[in-house]
Amino acid sequence: MSDLRAGVHGEPALSARLEPWMVDLLADPARCAGLLQRYGSPVNVIDPAPLRRNADELVEAGSRAGVQVELFFARKANKALSLVDEMLSSGHGVDVASEPELRQVLQRGAPGERIILTAAVKPEPLLRLALQHGVTISLDSL
C-alpha cells in the first residue's frame, strides 16, 4: 500500500461522517437481516436529509472564503431520486449525463437553470431537449 501512496500529496483521507441512525442500524444485526430478507441484496438505506446540511456547510465555507459556491448534485453517480429531490428543495442544482437522467430530473420539477448537462456524448435529441428547457450544457469537445 505504501508504494501506491508514494507519489500522492495532500491532506489525509477524510473519515466517514456517520449519522446516529446509521450507527443504530449497523448495531442491530436482526434489523439488517430483516432488510435483506425483505428487499434482497444489496440494500441501499438512504436518508437524504444530511445532504442538505452538508451542502449548506460547503456553501458557507465558500462564503467565509469569499467564494460563491453553486452545487450541482451528480445524478449519474447517485441513482436515488430522493437525493435529487433534496438538492432541488434546498435550492441547489443537478448534473445529468444522459437523456433519461435529464427527463427524470425535469419530471421532478427541476427548472432548466438548475440543471447542467455534462454528458461526454451529447446526441442531437439530448441537446434539443436541454435547449428546450434552458439547461446549461457543458462543452468539452467538438
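Answer yes or no: is there a residue in the stretch 59-68 that is closer than 23 Å to GLU19 by Cα and surrounded by fewer than 14 Cβ atoms within 10 Å (Cβ to Cβ).
yes
Please determine, by comparing only the residues of the stretch 35-73 that are under 21 Å from the mean Cα position of the chain (by Cα) and among the charged types (D, E, K, R), which one is nearest to MET87 (Cα to Cα).
For the stretch 35-73, the residue satisfying everything is ARG52.
List the strands (runs of 3 or more DSSP E) inside the stretch 69-142, counting only whole elements, that have at least 3 residues being surrounded by 12 or more Cβ atoms within 10 Å (Cβ to Cβ), at positive phi and out of contact with any Leu (no Cβ under 7 Å at 6 or more places or on another chain).
The strands (runs of 3 or more DSSP E) meeting that bar number zero.
Restricting attention to the stretch 54-76, report how many residues are within 28 Å of SER98 (Cβ to Cβ) and not basic (Lys, Arg).
Within the stretch 54-76, residues that are within 28 Å of SER98 (Cβ to Cβ) and not basic (Lys, Arg) number 10.
Could you grab me the full set of residues in the stretch 28-48 that are assigned to a helix (DSSP H, G or I) and surrounded by 11 or more Cβ atoms within 10 Å (Cβ to Cβ)?
Matches in the stretch 28-48: ARG31, CYS32, GLY34, LEU35, LEU36, TYR39.
Values quoted throughout were computed directly from the atomic coordinates according to the rules given, and no laboratory measurement underlies them. No experiment lies behind these values; they were computed from the predicted model shown. Every residue, glycine among them, receives a Cβ derived from its backbone with ideal geometry; neighbour counts consider all protein chains shown.
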